[in-house]
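Only one structure is covered here, and it is reproduced in the block below.
The values are calculated or read from the model by the stated rules, or taken from the named source; none is laboratory data. Just so it is clear, the structure is predicted and the values come from calculations on it, not from any experiment. Cβ atoms come from the backbone with ideal geometry, glycine included; neighbour counts cover every protein chain shown. What goes into the accessible areas is simple: the full protein's heavy atoms, side chains included, and nothing from ligands, DNA or RNA. Shrake-Rupley method; radii C 1.70, N 1.55, O 1.52, S 1.80 Å.
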Amino acid sequence: MILNAFGGSIANTIINSLATLVQGKDSRYVFNMLYFMANVGVVLGTMLVGTVIKYDIRFVFVITWILFIIFWLIAQFHYNVKKPLNVKNSQSQLAITKVKTAQPNIWMICSLLLVYLAIEIGYSQWQSNLSIYMQSLAISLQKYSYLWTLNGVLIVILQPVLNYLEEHYQINQFYKAFYGFALFGVAFVSLVFAKDYLHFIISMVLVTLGEVIVFPTIPALADRLSAPAEKGKYQSFISISASLGHAVGPLLGGVIIETLSYQFLFIVMTSLVIITSLICLVIKFMLFTEQ
């Protein structure tokens, strides 16, 4: 698990950093497509595992290993960043590396990362403690797994729609992110009242809508706000926020559940998203009133 997480974190950070260098496409489109293809992989992978595991679980890991070899070959031959060809270009490159991200932009990126961390802490409850909660309500584990199937299918359907809207309409990325934050807040607070399977379906739909909007938008905004020489650094901070949320979330949720209740956990999740979103909103309007 440690080796897998270590390698995955390095790869994801570098892929996001390379995505900021793609020419001819808006960064919003690039990060939307990265997110879309990642979820296509999740859907196909889940289907594949269900078939292969009937024969031998070791085949799952053999197929995964083969896919990593293919990925390594693609990276080896195509993940290339051109170096300066002459002294003039080298001096120009050196000048670029000396440009630092503006202080207001750093505050904005930090506030976005704070909201992202809060969302990931709440999102991790869906992947851990929610399955136990649903079983306590006499909802089977199979029905819980269907929610993640619904999540994957909705993402695959909705992401191309979002790409189309991004390409044909000038959508303000800040407002788009805040709409996503609001959807996560509504989704988390809806869990307070969820006692039957239909309510969990509705909550998952809201979470998925928020996910489709927020998860590709955060790296795209970080790309736009950061200086060219520091794009990789801030993309790595996004990975750190996600990993920290996944690490802290289940433990924090477990402590709150054992000490208080599931309902209090959902209130805490909602409160974290609302408070951090308000902080982000205040910073946005204080520092970026004209943008």
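Farthest toward the positive end of the dipole of the chain, out of I218, N80, A187, is the Cα of N80, where the dipole comes from beta carbon charges about the Cα centre.
With unit charges on the beta carbons (Lys and Arg positive, Asp and Glu negative) and the dipole taken about the Cα centre of the chain, which residue among Y35, L158, I267 sits farthest to the positive side? Going by the charge dipole, the pick is Y35. Rolling a 1.4 Å probe over the heavy atoms of the protein chains gives the chain an accessible area of 57 Å² per residue. Its Kirkwood hydrodynamic radius, worked out from the mean inverse distance over all distinct Cα pairs, puts the chain at 20.8 Å.
Using a cutoff of 8 angstrom between alpha carbon atoms and counting only pairs six or more residues apart, the relative contact order for the chain works out to 33 percent. For the range 211-291, the set of chymotrypsin sites (Phe, Trp or Tyr not before Pro) satisfying both a DSSP loop assignment and a count of at most 15 other C-beta atoms within 10 Å is given as F288. On the protein heavy atoms, probe 1.4 angstrom, tell me the percent of accessible surface of the chain carried by carbon and sulfur. Carbon plus sulfur share of accessible area: 72 percent.
For L117, the accessible area of its heavy atoms, probed at 1.4 Å with every protein chain present, is near 40 square angstrom. Extending 7 Å from Cα along the Cβ direction at C110 and again at T51 yields two label points whose distance is 5.0 nm.
Quick one, could you list the DSSP H helices from the chain stretching 30 Å or more along their long axis (Cα atoms) with average Kyte-Doolittle hydropathy of 0.5 or above? The answer, listed by residue number, is 27-52, 57-78, 103-127, 197-225, 231-259, 262-287. For trypsin sites (Lys or Arg not before Pro), the sites in the range 162-271 that DSSP calls loop and that have at most 12 other Cβ atoms within 10 Å are K195.
Counting Lys and Arg as +1 and Asp and Glu as -1, what is the net charge of the other residues whose Cβ lies under 14 Å from the Cβ of Q127? Charge balance in the 14 Å sphere: -2. Measuring only protein heavy atoms, the 1.4 Å probe finds I256 accessible over about 20 Å². What aspartates and glutamates does K233 reach when the alpha-carbon gap must be under 12 Å and sequence neighbours fewer than 8 apart in one chain are set aside? Correct list for K233: D223. Distance from the alpha carbon centroid of the range 5-46 to that of the range 154-214 works out to 19 angstrom.
Think of each Lys and Arg Cβ as +1 and each Asp and Glu Cβ as -1; about the Cα centre, that makes the dipole of the chain roughly 720 debye. Seen from T217, the other residues with C-beta closer than 11 Å to its C-beta sum to a net charge of 0, counting Lys and Arg as +1 and Asp and Glu as -1. Helical content of the chain, expressed as a calculated mean residue ellipticity at 222 nm, amounts to -29000 deg cm²/dmol (DSSP H runs of 4 or more residues, -39,500 (n - 2.57) each, divided by residue number, nearest 500). Between Q263, Q23, Q159, the Gaussian network model of the chain with springs among Cα atoms under 10 angstrom shows the greatest mean-square fluctuation at Q23.
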